[in-house]
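Below you'll find the structure, written out as structure tokens, and then a few comments.
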Amino acid sequence: MNDNIKISVIIPAYNETRTIGDLISKIRSLYPDFEIIVVNDGSTDDTAAIAKNAGAKVYSHPYNIGNGAAIKSGIRTASGDILVFMDGDFQHDPEDIGKMLEYFPEYDMVVGARSIKDQASIWRSLGNKIYNWLASYVAKFNVQDLTSGFRAIKSDVAQQFLYLLPNSYSYPTTLTLAVLRTGRALKYIPIEVKLRKTGISNIKIFKDGVRFFMIIVKICTLFSPFRIFLPVSFIMFCLGLSYYFYTFLASRRFTNMSALLFTTSIIIFMMGLISEQICQMRFERRERGVAADRIFGRPTSNDE
């Protein structure tokens with residue numbers, strides 16, 4: 001990687017007084033030239049003061065908005081060419097940052113993938129496996145860790161997807177799928193996650209699990225809707241065909257239910273085709289607009 005490339009480390013923090021100072025000190029000792037930004041997400045303790053005294057640039061929210069909102073504030077504030085996201089609870093080892101940066105500029109984003117033993121519980125591990133599989137289907141790429149918050153990404157790429165990121169913990173899911181579905185290069189590297197020194201995870205298995213699922217569906221329908229519409233259409237068609245065979249063998253009849261299922265499958269299929277065309281036109285329009293802005297020297301959305 002070019003030595004002239006500037007790196008910004010973005011750390012969202014909420015009530016992390018026991019760990020934030022040591023984390024910043026270690027980052028500064030390993031990478032003295034890096035910009036360190038701590039986004040204080042409405043902490044009620046001395047997180048902001050400790051981070052500032054440790055040498056970080058602090059941006060504070062007036063109240064707790066969410067982990068994703070803190071990441072978005074960090075992206076807007078950072079001046080680096082490559083942005084590194086990591087948690088403020090010292091679960092992520094700063095030494096792994098250097099390993100990530102070795103893959104730039106060849107890759108657009110590098111993500112630290114956790115092993116099974118690093119998962120908080122067996123249920124979290126099982127849930128992540130299911131979401132990794134679903135995301136792999138959507139993105140046509142082997143997603144190893146969909147929800148890892150330890151990652152490095154080119155600043156212009158992060159800026160492009162800023163409007164998509166939610167305010168909650170599910171921003172890694174959105175960012176991963178957005179990068180993959182727009183044809184950018186992603187690299188996973190294995191990392192070891194340390195045990196939390198204080199507190200417990202705020203992620204709820206069922207509540208946040210449903211949210212992750214909805215985000216995967218949302219991103220899929222935004223970037224590649226046919227990956228959702230086609231399987232649903234096929235399932236409806238198979239149900240109609242199966243029910244027709246059953247009624248034909250039982251009473252030699254073609255029922256209204258079979259007709260409804262066949263018709264529904266066709267409608268869903270046609271809706272998928274229309275959505276795919278709309279998606280393609282939207283991206284073509286966006287690319288033409290960005291190209292025109294660059295030709296005439298106008299600021300693009302990535303420059304704002």
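Values as computed for the structure displayed
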read-out	value
Filter result for the condition that a residue is of a type in the set (D, E) and within 13 Å of F90 (Cα to Cα), over D22, D33	D22
Residue that is farthest from T182 (Cα to Cα) [pool: residues in region 132-142 that are touching a residue at least 40 places away in the same chain (Cβ under 8 Å) and open to solvent by less than 40 Å² (accessible area, probe 1.4 Å)]	L134
Region 206-238, subset more than 29 Å from the chain's Cα centre (by Cα) and in contact (Cβ under 8 Å) with a residue 12 or more places away in the chain, residue most open to solvent (accessible area, probe 1.4 Å)	F237
Given (1) of a type in the set (A, V, I, L, M); (2) more than 17 Å from S155 (Cβ to Cβ); (3) buried (at least 17 other Cβ atoms within 10 Å of the Cβ), index of the condition A49 fails	(3)
Evaluation of I71 against (1) among the hydrophobic types (A, V, I, L, M, F, W, C); (2) in contact with a strand residue (DSSP E or B) (Cβ under 8 Å, 6 or more places away or on another chain); (3) closer than 20 Å to D22 by Cβ (one fails), failing number	(3)
Some residue of region 27-37 being small (G, A, S) and open to solvent by 10 Å² or more (accessible area, probe 1.4 Å)	yes
Candidate set from region 78-88 (those that are open to solvent by less than 10 Å² (accessible area, probe 1.4 Å) and in contact with a Gly (Cβ under 8 Å, 6 or more places away or on another chain)); member that is farthest from I20 (Cα to Cα)	L83
Selection count where residues are surrounded by fewer than 18 Cβ atoms within 10 Å (Cβ to Cβ), within 21 Å of D96 (Cα to Cα) and touching a helix residue (DSSP H, G or I) at 6+ places or on another chain (Cβ under 6 Å), scope region 156-188	0
Subset of region 40-85 [charged (D, E, K, R), within 19 Å of P172 (Cβ to Cβ) and not in a helix (DSSP H, G or I)]	D41
Any hit, region 69-77, residues being in contact with a Ser or Thr (Cβ under 7 Å, 6 or more places away or on another chain) and crowded, with 17+ Cβ neighbours inside 10 Å	no
Checklist (1) at pLDDT 95 or above; (2) open to solvent by less than 60 Å² (accessible area, probe 1.4 Å); (3) not hydrophobic (A, V, I, L, M, F, W, C) applied to T263, failing item	(2)
Set S25, S60, S79, S29: member being without any contact (Cβ under 8 Å) to a residue 40 or more places away in the chain and closer than 23 Å to L162 by Cβ	S60
Residues that are part of a helix (DSSP H, G or I) and open to solvent by less than 50 Å² (accessible area, probe 1.4 Å), drawn from region 239-260	G240, T247, S258, A259
Residues (of a type in the set (S, T, Y), modelled with pLDDT of 85 or more and assigned to a helix (DSSP H, G or I)) located in region 120-159	S136, Y137, S155
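The values are calculated or read from the model by the stated rules, or taken from the named source; none is laboratory data. Since we're looking at a predicted model, the values are computed, not measured. Heads up, the Cβs are rebuilt from the backbone with ideal geometry, glycines too, and the neighbour counts pull from every protein chain shown. Accessible surface is based on the protein model in full, side chains and every heavy atom, while ligands, DNA and RNA are left aside. Shrake-Rupley method; radii C 1.70, N 1.55, O 1.52, S 1.80 Å.
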